[in-house]
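A short write-up of the structure that comes next.
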Ligand SMILES: Cc1cc2nc3c(=O)[nH]c(=O)nc-3n(C[C@H](O)[C@H](O)[C@H](O)COP(=O)(O)O)c2cc1C
């Protein structure tokens, strides 16, 4: 299963923990998948429980909606201490982690540096979905948006709005994109 991940390349996947599903960027390192969690529910659950599933999706809406904690229709399956989304291929296993200080241009925080060692394979199939640049842009908007929620910087907002215009130009019409844009523009009105 890990063969589908090229070593060193970042893949956007779903991380399923005891009570949460969120997108994370993982990098394969040999027989392990590495990722980094900023403070939040997944951070806490991985640190406390140390068990998770990593699942593939080619659905940009799913990545974005789970990042923004918007409603999604998912069914789950469980096996002992692990659970995962029914139908999506992936792996489950134990996560070793360590808390580190993290400093970047958005400030200083704690991060959980994680490594999942697969214990079992989760069967599933991805639906046929043609590649769309609009989908890539929607995902990028959401990455910046989750950063904006932590640090509401003007340059992040501008970048998201810029991406939104490219997204629309490419025919993207997701309601989640409108959600992000109205959040940003309403906030702007409140500040005036
Ligand atoms: C495509 C994508 C990839 C993301 N990757 C990560 C990641 O690797 N680590 C992380 O902490 N947050 C990542 N995020 C942001 C989280 O999804 C978001 O902050 C979420 O609310 C995490 O909080 P939670 O654990 O409380 O659900 C990503 C968001 C998107 C849209």
Among the residues of the stretch 65-78, count how many are surrounded by 12 or more Cβ atoms within 10 Å (Cβ to Cβ) and touching a strand residue (DSSP E or B) at 6+ places or on another chain (Cβ under 8 Å).
5
When you check residue 113 against the structure, is it touching a residue at least 40 places away in the same chain (Cβ under 8 Å), within 17 Å of the chain's Cα centre (by Cα) and surrounded by fewer than 16 Cβ atoms within 10 Å (Cβ to Cβ), yes or no?
yes
What's the number of the condition residue 155 fails, among (1) more than 20 Å from residue 1 (Cβ to Cβ); (2) surrounded by fewer than 16 Cβ atoms within 10 Å (Cβ to Cβ); (3) touching a strand residue (DSSP E or B) at 6+ places or on another chain (Cβ under 8 Å)?
(3)
Is there a residue in the stretch 170-188 that is in contact with a strand residue (DSSP E or B) (Cβ under 9 Å, 6 or more places away or on another chain) and without any contact (Cβ under 8 Å) to a residue 40 or more places away in the chain?
no
Given (1) buried (at least 18 other Cβ atoms within 10 Å of the Cβ); (2) outside the structural domain of residue 32 (by TED's automatic domain parsing), index of the condition residue 91 fails:
(2)
Qualifying residues in the stretch 22-44 (those that are within 18 Å of residue 122 (Cβ to Cβ) and more than 8 Å from the ligand (Cβ to nearest atom)) - the one farthest from the chain's Cα centre (by Cα)
31
Residue 114 is checked against (1) within 30 Å of residue 17 (Cα to Cα); (2) not assigned by TED's automatic domain parsing to the domain that holds residue 80 and fails just one. What number does that condition carry?
(2)
Checked 155, 94, 104 against criteria (without any contact (Cβ under 8 Å) to a residue 12 or more places away in the chain, within 30 Å of residue 51 (Cβ to Cβ) and over 17 Å from the mean Cα position of the chain (by Cα)); the one match is 104
Taking the stretch 6-21 as the search range and keeping residues that are within 12 Å of residue 52 (Cβ to Cβ) and crowded, with 17+ Cβ neighbours inside 10 Å, which one is farthest from the ligand (Cβ to nearest atom)?
16
Output for the stretch 61-118, where each listed residue is within 12 Å of the ligand (Cβ to nearest atom), within 23 Å of residue 153 (Cα to Cα) and part of a strand (DSSP E or B)
102, 109, 110, 111
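The values are calculated or read from the model by the stated rules, or taken from the named source; none is laboratory data. Note that the structure is predicted; figures quoted are calculated from it, not measured. So basically every Cβ, Gly included, is an ideal-geometry build from the backbone, and we count neighbours across all protein chains shown.
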